[in-house]
Amino acid sequence: MQIRKGLYLLSGGPYGKLGNAYAVKHNEGYLLIDSSNPGALKTILGNLDYWGISEDKITHVLLTHGHDDHAGCAAYFQEKGAKVIVGSEDTEMMAQGDFGVESPYTNHVMPPCKVDDVFTQDTQLEIGGLNIQVYTMPGHTDGSVVFYVQLDMDYVLFSGDMFFPDGETGNVASTGWKGDMNYNGVKLGESFAKLWRLNLMPTVIVGGHGIPRVGNDAKESIKLAYKYYLLNNR
């Protein structure tokens, strides 16, 4: 599904799969923002083929966090030559392919992946002519990040599971699953305060689940999500 020019939804709810995955076009190929769950690989490959995107054109897999429904196909694309990057605190779960022996969520598994690089602080990436702002936003996981990038005339915020727009008209925004042993509501609140202070002006917000919010009022989803956190997650 093409969302905007150079932005494609490859997996997620519309395809009956858990965890959204996006392809973003750049001058030297494509990067993936998240990679859905391991069972979504066939769907991702089918959508890449539909849009005429070869697997070997995927240069990077940038992960909003290390959960299996977002990093589940990272190892596959790494084997094909893509560079995988995630927040430093989420590397352990990716390397072992699960949440560890202390977690009761033993169904959350994925092919282990030793990442190529990590995000340790707010930073800026230059990939194929794209300027990608990376903001660390711990809470959902300790290594959670969001990405902010200009694509053509749009400013796109990839919000991961920090929050995601949803509802019949995009008028709902919720925070993500809280089952991770390292979920921290205090840190999540600090991250929302940080995001609010950044005063970003996205025209597109795409999350780890839910639906895209497109238009000049897309920022409204940030306000809705922050309110949701204040009422439900403290």
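What the table below lists for this structure:
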{"read-out": "Helical mean residue ellipticity (222 nm; -39500 (n - 2.57) per DSSP H run of 4+; nearest 500) of the chain", "value": "-6500 deg cm²/dmol"}
{"read-out": "Relative contact order [Cα under 8 Å, 6+ residues apart], segment 17-140, whole percent", "value": "22"}
{"read-out": "Gained length - residue 153 relative to residue 234, 0.36 nm times residue gap less alpha-carbon distance", "value": "25.5 nm"}
{"read-out": "The chain, accessible surface, carbon-and-sulfur percent (1.4 angstrom probe)", "value": "48"}
{"read-out": "Proximal charge balance of residue 72 [Cβ under 11 Å; K/R count +1, D/E count -1]", "value": "-2"}
{"read-out": "Residue-span extension gain [residue 169 to residue 121] - 0.36 nm each, minus C-alpha spacing", "value": "13.9 nm"}
{"read-out": "Where the Cα pairs of the chain fall when distances are cut into 10 Å bins, in %", "value": "8, 37, 40, 15, 1"}
{"read-out": "Accessible surface, 1.4 Å probe, highest first, among residues 196, 51", "value": "196, 51"}
{"read-out": "Total formal charge among the other residues, if their Cβ is under 11 angstrom from that of residue 9, Lys/Arg +1 and Asp/Glu -1", "value": "+1"}
{"read-out": "Neighbourhood net charge (13 Å Cβ-Cβ; Lys/Arg +1, Asp/Glu -1) for residue 190", "value": "+3"}
{"read-out": "Å² of accessible area per residue within segment 128-224, as computed with a 1.4 Å probe and no ligands counted", "value": "39"}
{"read-out": "Ordering of 159-171, 100-112, 59-71 by burial proxy (mean other Cβ atoms within 10 Å per residue, highest first)", "value": "59-71, 159-171, 100-112"}
{"read-out": "Charge dipole (debye, nearest 20) of segment 1-159; +1 at Cβ of Lys and Arg, -1 at Cβ of Asp and Glu", "value": "580"}
{"read-out": "Extension gain, residue 1 back to residue 197 (0.36 nm per residue minus Cα-Cα distance, nm)", "value": "67.3 nm"}
{"read-out": "Inter-label distance, nm, simple model (7 Å from Cα along the C-beta direction), residue 105/residue 28", "value": "3.4"}
{"read-out": "Distance between modelled label sites at residue 98 and residue 114, nm, 7 Å Cα→Cβ extension", "value": "2.1"}
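The values are calculated or read from the model by the stated rules, or taken from the named source; none is laboratory data. This structure is a prediction, so every number in the text was calculated from the model and none was measured. A quick note on method: Cβ atoms are made from the backbone with ideal geometry, for glycine too, and the neighbour counts reach across all protein chains shown. SASA here: full protein model, heavy atoms, side chains in, ligands and nucleic acids out. Shrake-Rupley method; radii C 1.70, N 1.55, O 1.52, S 1.80 Å.
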